[in-house]
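The values are calculated or read from the model by the stated rules, or taken from the named source; none is laboratory data. Since this is a predicted model, take the numbers as computed values, not measurements. Note: ideal-geometry Cβ built from the backbone for every residue, glycine included; neighbour counts use all protein chains shown.
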C-alpha cells in the first residue's frame, strides 16, 4: 500500500540546524571555517551595482546618435556630479553652443553610438549578510557566504510577515488558549519577541509596534486585522519584505485558534533566551515558513535530539486538523481506511479517523490534516 | 533521455505524468483489445518543495498508486522498468510540468501593442508566465522600467522589436536598459540568464554588443514580427522551450533526474494542453475554448477560425495570480467578496464575511486541503466562478487581431487602421468549451461543473460542454509528440467527458422584463447510432426570461432542437429568428439558459440569493443540501 505523506511543520526542543547565509552577488566572506559567530555578526559583504540612469543625449541635444560622442565633455569611465557640464550642443557654425549639465551623479558606464544613450551608474550599494543564528561556521561558500550550524530549539509557524529580526523571548499570555490583547503588551517588552496564545488582535499589534517589540508570535490572526495593519489585501503568500516595524508569526492559521499546546510549552521554556526570528513566508516555488530559532544552552541537559520522520501518517501519530469544520483541533490518528469515502460535500476522498483530545472521533479527508511533531 | 528503441506499434504500455504545482498526476495507457485506452490513474503531492526538494519522489509516489491500483510493477530500486514484460514495466515514460511556478519570463518589445504583444504571445504559447512586458511606450519612465527589471527575478528574457529592415534604434535602446539592469534569476547566482533576441535582424550585432560582458546566454532567432502584417512565433517559441529545458528545468530540484527518465522532452503543461486543443479544433473544424484552473494559475486557450479559409488562430493566456489555492486570496482581492457572495445562495447568517476571509487565507497557506462540508464547497465554487470570469476577460482582451495592421479597403482608398485589435473570441461562434483543473474536474456533481462553466464563460447560442475527465490533456499533448495515434485514440475514447449542450439566449432586456417570454423550444431525441434508443421522444415548452432548465439527454445521445426566440433574443440566426440544430447529450444533458447575455444578477443581495437558489434547484446542483441552510421562503 502506498504511504501517505502529509508534510508537517517542525516544532522541536533540540535539533541540529543549518542556515545558508549568502550574498546576492559575489563579494567578500568575512568569516573562517570553524569560527564561532553570534547572530548579528556580519559574515559576508559586497556592493551591488548602483542604480542606473539612462540619459538620451541624442534627444536632449537634438543630434543624430552617431554625433553625440564628439559633443561630450566627459568620457566613458569618468565620474560626474550633479550640475557638472556633460555635453554641449553643436551650436550654429560652431557658435552659440549650449551646455547640458548633468542631473545625476555617478560614473559614465556606456555611451551608445546606435541610440545616443548614455548610461550613468550611481554609487555602489553596500550589502551585508548577518550570521542570523549564533553557531559555528561549518562551511565557506567562496565569494558568497557560509553555512552556520548550531544546536537549537526550532519552531516553524504557518504564516508570517516581516523579515529577520532578533530579540529575547517574552511571554505575554498565560496559556495557549488566551487571546493576545492590547493590555497584555507592556513597555518592558521593548526589543522582545512577544509570545501570545491564541488569536492576536489588531490593537495588540499596534501596541507592540508602539513599545518597540521586535516580533509577535501567536496562534492566529484575523485576515481582516492583517489587511488593516498592512494597508492592503495580501494576494499571494510571498512575504518577508514588509517594513511595518515588527515581524509577525502565526503558528496555526487565520481565525480564532489557540497555539498548539506543545508549541506554547516549548516557547515558555525558552523565556528570556535570545531568539532569531524570520517572518518570511513563501508557499510555492521554494517553500519557506516563518521560524523562531533559539540556540540551545551548553548546560541544557536532558534535551534529546528529536527525530523528525517526514511524511508518514500512522496510527497514534499526533495530527492537527487544518480545515473547517474542525479547524485547529488536535488529535491522534485512530484509523486509516484504505478505500475512499464520500464526504458531506459529495466529493470522494481518502480519509482518516482522528481521536480528538476531547475524546470524540471525527472522520477527516487526509488532505485536511497536518502532522505535528510527537 | 533514454533512447526510444521501440517502434510505435511495439509500444503497448505507456506511463505519463504531469507535475503540477500542487499534485503530480500519473496515468497508465495500455493497448487493450486493439486500441489504446487509459486504464488507471494515480496522484501524489508534488515534492519540489522542502523537505523533499526532489520532483522525482512525487513522481514515484504517483506511479506507486498506479501499481496499487493496476496490480502491475513499474518501479524497481527507485527507477522505472523498461520495456514492459507481462505485468512488469512500461515501454515509454513521458511527462509535463508546471511545478516550481513554471517558466517565468520577462518580455520586452518596442511598441506595447505590436512587437511587445507578439513577443508576449510567443512566450505564452510556449507555456510561460509573463511577469511583465517592457516597451518603449508602456508609460513608464526609463528609471521605472529599470527598477522593475531589477526587482523581477525572471527565468528568461525575450526581446523583440522592429520589423526586418526597419529602424534599429529603439530595440537597441531597450537592450541597453536590460543589460546594465542585470536582472537576477530566482535560481540564484549560478544560473546563467537566457536572453532570446527575436527582433529586427539588422540590429543583431548591436544587441550582441549591448549584452557583451554580461552574464547572459544570448540566443538569436528569426524576427517574431518580420512585417507588421504577420507574426512568426514558431522560432521564438522553440527557443524558449529549448532554453527552458536546458536552464530552468535543470535547476529545479530533481528535474535533471526526471529528464534522464523521460522518452520525450518534458513540456511545460500549458504547452501540451495547447497542443491537444489545437488538434481537436483542426480535426473537427470547430471553435474551441479550453480552461485549466489550477492552484496558482488559470490558463485559457482559444482556437477560433481566422480570416482565411482553413486558417485557425490559437491564443493562450495565463492568469498567473488567479487560482484556487496559492492564488485564492488574490482572486478575492481582485474581485471583492461582494462579487463572490453573489453566487452563494445560502442563508447569509452562515456566510460571515470576516470568517470567510479567514477561510480563504487558510486555503492559501495550506493549499492542499479540500472542502469537507457542502457549505465550504459552495463557497469554493463561487470563488472559482470569479477566477474563471476574470481569466476569461483577460483572455478576450489579449486574443485579438494583430494590432498596427493597416488595411486598404478598396483601390484608391486611403489606408486605414480599422479592424485591428478586435477580440476574436466570439461566444456565439463558440462550439466547444472544455474544462479542466481540480475545482471543475473533481466537482462532486457534473451539474456543478456545467453551471460553473456557463456562469463564468456565458456561452451564447449552442455550445457543447465537456470536461477533461481526469486532467489528462497535458499527458496526451506530450504523448502526441512520440505516439500521435495513441494520443488521439485515448483522447477520443477516454479523455473528454461530455457534459451536454448549453442553449443560451443572447440579449439582456433588463431586470424589469424577468418573467416575460424568452423563447420556446422543441426537442426530439434522434435514434441512437448503437441502435439502443429508437429516438422520437421529446420535450417542448416555453422559457421565461430569468429561468434555467435541465433536460436529460444522455452521453452518446443526440437530439434535434428547434428554438423560437422572442423579440430581442438571438440564438445564432439573428434576433428573434428561429433556429434548428442537432445537439449532443452528456452526463448532465441539455441546459436551457434564458437568463440572457450579458448575465446580470440583481444588485440586491437577498434578491440575488433567491435567484441563485432557484437556479441551483432547477439544475439539481446540491440535492443533499439541508433546506434550513438555504432559507428560501
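Please go through segment A:39-73 and give me each residue that is surrounded by 14 or more Cβ atoms within 10 Å (Cβ to Cβ), more than 14 Å from chain B (Cβ to nearest Cβ) and either out of contact with any strand residue (DSSP E or B) (no Cβ under 6 Å at 6 or more places or on another chain) or modelled with pLDDT under 90 (or both), ordered by number. Selection gives A:41, A:61, A:69, A:71.
Filtering segment B:182-223 to residues that are at pLDDT 80 or above, at the interface with chain A (Cβ under 10 Å from one of its Cβ atoms) and in contact with a helix residue (DSSP H, G or I) (Cβ under 6 Å, 6 or more places away or on another chain) leaves B:203, B:206, B:207, B:210.
When segment B:150-181 is filtered for residues that are facing chain A (nearest Cβ under 8 Å), within 19 Å of residue B:201 (Cα to Cα) and touching a helix residue (DSSP H, G or I) at 6+ places or on another chain (Cβ under 8 Å), the ones remaining, listed by number, are B:168, B:169, B:172, B:176. When the residues of segment A:344-360 are filtered to those that are touching a strand residue (DSSP E or B) at 6+ places or on another chain (Cβ under 9 Å) and more than 25 Å from residue A:220 (Cβ to Cβ), the one that is surrounded by the most Cβ atoms within 10 Å (Cβ to Cβ) is A:351. Here is a check on your reading of the model: is residue B:65 without any contact (Cβ under 8 Å) to a residue 60 or more places away in the chain, facing another protein chain (nearest Cβ under 8 Å), more than 26 Å from the chain's Cα centre (by Cα) and at negative phi? Criteria met by residue B:65. Check whether at least one residue in segment A:361-374 is loosely packed, with under 15 Cβ neighbours inside 10 Å, at pLDDT 90 or above, more than 9 Å from every other protein chain (Cβ to nearest Cβ) and part of a loop (DSSP other than H, G, I, E, B), and report yes or no. No, that holds for no residue. When restricted to residues that are within 14 Å of chain A (Cβ to nearest Cβ), closer than 21 Å to residue B:119 by Cβ and assigned to a loop (DSSP other than H, G, I, E, B), segment B:296-335 contains 3.
Among the candidates B:48, B:55, the residue that is within 9 Å of chain A (Cβ to nearest Cβ) and buried (at least 21 other Cβ atoms within 10 Å of the Cβ) is uniquely B:48.
Going by the structure shown, is residue B:108 under 23 Å from the mean Cα position of the chain (by Cα) and surrounded by 24 or more Cβ atoms within 10 Å (Cβ to Cβ)? For residue B:108, the condition - under 23 Å from the mean Cα position of the chain (by Cα) and surrounded by 24 or more Cβ atoms within 10 Å (Cβ to Cβ) - is not met. Among the residues of this structure, residue A:91 counts as one that is away from chain B (no Cβ under 13 Å) and without any contact (Cβ under 8 Å) to a residue 24 or more places away in the chain. No other residue among B:241, B:263 is at pLDDT 90 or above and in contact with a helix residue (DSSP H, G or I) (Cβ under 8 Å, 6 or more places away or on another chain) apart from B:263. Taken over segment B:67-105, the criterion of being surrounded by fewer than 21 Cβ atoms within 10 Å (Cβ to Cβ), outside any loop (DSSP other than H, G, I, E, B) and touching a helix residue (DSSP H, G or I) at 6+ places or on another chain (Cβ under 7 Å) is satisfied by B:73, B:75, B:80. Just give me the residues in segment B:209-249 being free of Cβ contacts under 8 Å to residues at least 12 places away in the same chain and under 18 Å from residue B:178 (Cβ atoms), in sequence order. Once the filter is applied, which keeps residues that are free of Cβ contacts under 8 Å to residues at least 12 places away in the same chain and under 18 Å from residue B:178 (Cβ atoms), segment B:209-249 yields B:209, B:212, B:213. Of the residues making up segment A:311-337, those that are part of a loop (DSSP other than H, G, I, E, B), closer than 19 Å to residue B:45 by Cβ and either touching a residue at least 60 places away in the same chain (Cβ under 8 Å) or touching a helix residue (DSSP H, G or I) at 6+ places or on another chain (Cβ under 9 Å) (or both) number 6.
Which residues, counting only those in segment B:24-45, are within 13 Å of chain A (Cβ to nearest Cβ) and either closer than 18 Å to residue A:312 by Cβ or without any contact (Cβ under 8 Å) to a residue 24 or more places away in the chain (or both)? Passing the criteria: B:43, B:44, B:45.
When segment A:138-164 is filtered for residues that are part of a loop (DSSP other than H, G, I, E, B), within 30 Å of residue B:367 (Cα to Cα) and within 14 Å of chain B (Cβ to nearest Cβ), the ones remaining, listed by number, are A:157, A:158. Which ones in segment A:207-222 are within 14 Å of another protein chain (Cβ to nearest Cβ) and surrounded by fewer than 24 Cβ atoms within 10 Å (Cβ to Cβ)? Within segment A:207-222, just A:222 meets the criteria. Scanning segment B:202-218 for residues that are touching a strand residue (DSSP E or B) at 6+ places or on another chain (Cβ under 6 Å) and assigned to a helix (DSSP H, G or I) returns B:204, B:207. Taking segment B:111-149 as the range and being free of Cβ contacts under 8 Å to residues at least 60 places away in the same chain, under 26 Å from residue B:269 (Cα atoms) and within 14 Å of chain A (Cβ to nearest Cβ) as the test, only B:134 passes. Looking at A:197, A:220, just one residue is part of a loop (DSSP other than H, G, I, E, B) and within 23 Å of residue A:11 (Cβ to Cβ), and that residue is A:197.
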